[in-house]
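Each value in this text was obtained by applying a stated rule to the coordinates, not by laboratory testing. Computed from a predicted model, the values in this text were never measured in an experiment. With ideal geometry, Cβ positions are generated from the backbone for all residues, glycine too; neighbour counts draw on all protein chains shown.
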Amino acid sequence: MRYLVLSDIHANLEALEAVLVAAADLPHDRLLVLGDLVGYGADPNRVVDRVRALAPDIVIRGNHDKVGSGLERPEGFNAVARSAIRWTFETLAPDNRAWLAALPAGPLLVDDLIEICHGTPFDEDAYVFDDGDVLRSLEAARRPVCLFGHTHVQVGYCLADRSLTMCTADAARPLEVSIGGGRYLINPGSVGQPRDGDPRAAFGLVDTTARTVTMYRIDYPIARAQARIVAEGLPEVLAQRLALGR
Ligand code: ZN
């Protein structure tokens, strides 16, 4: 089974379309979406429409989906994120809002090898920042491979023989993690708002037969996504950060 894995699209239609074009050349059987379809970006309705039309096998919610759909208040959001999510709530069509509000919380088990979550397997809203977070997540995970999002950093961790190793973004692309006998915590990166210093759109592909997780980066028309953010009157810093990948 080959899974295309998309996370943190964040209403960036330009990035999503570019990823879907790239993914069309990569054979895959199923689609997993790890949450945060909306928030920050200028096209929440068109992104939700596009994802719904793809009929993903599993979509879980992210923190921005909860607030953008009105399920939760934007507590814990900074001023910029809060103003963007208020705009998102007002802009979302009622049908898309209801669809987002009905998304299940992670973690969810996908098959014998994989589970998915937005933040961590112990708390959908928690962030994986340091080794302690990684180990706690691997402890809580119920499958050998746990895929997560939320940090917008493309990274893979492997715990084997009591030693933790990390594969991060470097010049070598795509980044491939071979699934051996260890336990894995892997973030395919953010489609629509990368924060690891590489502004290109990120996504992943899991092949359970080859036992590989491959993480890709692709160029997309960043200037067009920035222009959309400015045109909608969203905070300009949200446009600027797309070019920085921060
Ligand atoms: Zn996010």
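State yes or no: is V38 among the β-branched types (V, I, T) and assigned to a helix (DSSP H, G or I)?
Working: among the β-branched types (V, I, T): yes; assigned to a helix (DSSP H, G or I): no.
Answer is no for this residue.
If only one of R61, R73 is assigned to a loop (DSSP other than H, G, I, E, B), out of contact with any His (no Cβ under 6 Å at 6 or more places or on another chain) and either surrounded by fewer than 21 Cβ atoms within 10 Å (Cβ to Cβ) or of a type in the set (S, T, Y) (or both), which one is it?
It is R73.
When you go through A81, A102, A93, A15 one by one, which is the residue that is out of contact with any His (no Cβ under 6 Å at 6 or more places or on another chain) and buried (at least 24 other Cβ atoms within 10 Å of the Cβ)?
Details: A81 fails: buried (at least 24 other Cβ atoms within 10 Å of the Cβ); A102 fails: buried (at least 24 other Cβ atoms within 10 Å of the Cβ); A93 fails: buried (at least 24 other Cβ atoms within 10 Å of the Cβ).
Result: A15 is the single residue among A81, A102, A93, A15 that is out of contact with any His (no Cβ under 6 Å at 6 or more places or on another chain) and buried (at least 24 other Cβ atoms within 10 Å of the Cβ).
Among the residues of segment 117-153, count how many are within 13 Å of L34 (Cα to Cα) and not hydrophobic (A, V, I, L, M, F, W, C). Talk me through it step by step, then tell me what you get.
Of the residues in segment 117-153, the ones within 13 Å of L34 (Cα to Cα) are 117-121, 124-125, 146-152.
Retained after the next criterion (residues that are not hydrophobic (A, V, I, L, M, F, W, C)): 118-121, 124-125, 149-152.
The total comes to 10.
Just the residues that are among the aliphatic types (A, V, I, L, M), surrounded by 21 or more Cβ atoms within 10 Å (Cβ to Cβ) and more than 16 Å from the ligand (Cβ to nearest atom), please, taken from segment 139-150. Show your work before the answer.
Here is the first cut: in segment 139-150, the residues among the aliphatic types (A, V, I, L, M) are 140-141, 145, 147.
Next, only the ones that are surrounded by 21 or more Cβ atoms within 10 Å (Cβ to Cβ) stay: 141, 145, 147.
Passing the criteria: A141, V145.
Looking at T151, T209, can you tell me which residue is touching a Phe, Trp or Tyr at 6+ places or on another chain (Cβ under 7 Å), assigned to a loop (DSSP other than H, G, I, E, B) and under 17 Å from V5 (Cα atoms)?
T151
Tell me whether segment 171-186 contains one or more residues that are within 21 Å of H64 (Cα to Cα) and in contact (Cβ under 8 Å) with a residue 12 or more places away in the chain. Reasoning before the result, please.
Initially, segment 171-186 is screened for residues within 21 Å of H64 (Cα to Cα), giving 186.
Imposing the further condition that a residue be in contact (Cβ under 8 Å) with a residue 12 or more places away in the chain reduces the set to 186.
Looking through segment 171-186, at least one residue is within 21 Å of H64 (Cα to Cα) and in contact (Cβ under 8 Å) with a residue 12 or more places away in the chain.
Give the number of residues within segment 41-56 that are in a loop (DSSP other than H, G, I, E, B) and away from the ligand (no atom under 16 Å from the Cβ).
Final tally of qualifying residues: 2.
Within segment 169-228, which residues are out of contact with any Asp or Glu (no Cβ under 8 Å at 6 or more places or on another chain), away from the ligand (no atom under 16 Å from the Cβ) and among the basic types (K, R)?
Correct list: R173, R183, R211.
Just wondering, is there one or more residues in segment 11-25 that are part of a loop (DSSP other than H, G, I, E, B) and under 24 Å from R195 (Cα atoms)?
yes
When you go through D133, D111, D123 one by one, which is the residue that is surrounded by fewer than 19 Cβ atoms within 10 Å (Cβ to Cβ), more than 14 Å from the ligand (Cβ to nearest atom), of a type outside the set (S, T, N, Q) and not in a loop (DSSP other than H, G, I, E, B)?
The unique qualifying residue is D133.
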